[in-house]
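Contents: one structure, followed by commentary.
Only the coordinates and a few stated rules stand behind these numbers; no lab work does. As the structure is a computational prediction, the values presented were derived from the model and not from experiment. Please note: Cβ atoms are built from the backbone with ideal geometry, for glycine as well, and neighbour counts cover all protein chains shown.
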Amino acid sequence: MLLDKNRLEQIMTPLEKINHDITAAMKAKDTERLSALRMMKTALKNKELEKDKDSTLSEAEAIKVLQSLLKQRRDSIEQYTTAGRPELAAKETAEMKIIEEYLPAALDEAAIGQIVESVIAETGASSPAQMGVVMKATMAKLAGQTVDGKVVSAIVKSKLGG
């Protein structure tokens, strides 16, 4: 029984999908995409080796590694922009877009706001002094989701009156 391409991609692990896309990028001679995919593959392989020699990463662990790469790109873009290096910021932005293709869709601010409100209600937090407690619980609820910690922090601050 043959599987269609969409179904096949749904059952592939992130690393298998990246390997598949590396081959496609090589055939298309897309050097920028190829470079980003190889960087992602290396990060995932390094995490596998850290974990255990003969084990593979779960999808949640792979997402966490890719989110870490995404955060590194955001930080680099900010630093390059501040330093007046728009060409390097543009390269990092392009890599960031490629990484985002392998992550679940990002939550919008309204959805994050609802989660923050529920966490505030659960924890009984009422002042900016309790921001750490709310952030920890919110980030735990958002595990496996694509969110920017700075956005979550800003929403928590506004909800707690900070």
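Quick rundown of the values:
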| read-out | value |
| --- | --- |
| Inter-probe distance in nm under a simple model that places probes 7 Å from Cα toward Cβ, at M39 and E100 | 1.5 |
| Hits among aspartates and glutamates - C-alpha to C-alpha of K51 under 16 Å, sequence gap 8 or more where chains match | E59, E61 |
| Pair A129, A24: separation of 7 Å Cα→Cβ label points (nm) | 5.4 |
| Cβ-derived FRET efficiency at R0 25 Å, E32 paired with A83, nearest 0.05 | 0.70 |
| Charge-dipole axis of the stretch 1-130 as Lys and Arg at +1 and Asp and Glu at -1 on Cβ define it, positive-most pick from S35, T123, S68 | S35 |
| For the chain, calculated [θ]222 nm from helices alone, where every DSSP H run of n ≥ 4 adds -39500 (n - 2.57) | -24000 deg cm²/dmol |
| Protection-proxy order for peptides 89-95, 101-107, each taking the mean of Cβ atoms within 10 Å per residue, highest first | 89-95, 101-107 |
| Anchor K150: lysines whose Cα lies under 18 Å away (excluding residues fewer than 8 positions away in-chain) | K64, K71, K136, K141, K159 |
| Calculated FRET value between Q114 and E61, using beta carbons and R₀ = 25 Å, to 0.05 | 0.40 |
| Among Q79, Q114, M135 the positive-end extreme of the charge dipole of the chain (Cβ point charges) | Q79 |
| Cβ-placed point charges (K, R +1; D, E -1), dipole of the stretch 83-162 about Cα centre in debye, nearest 20 | 300 |
| Trypsin sites (Lys or Arg not before Pro) within the stretch 11-57: DSSP coil, no more than 12 neighbouring Cβ in 10 Å | K29, K53 |
| Cα centre as origin, Lys/Arg/Asp/Glu Cβ charges: the chain dipole, Debye | 260 |
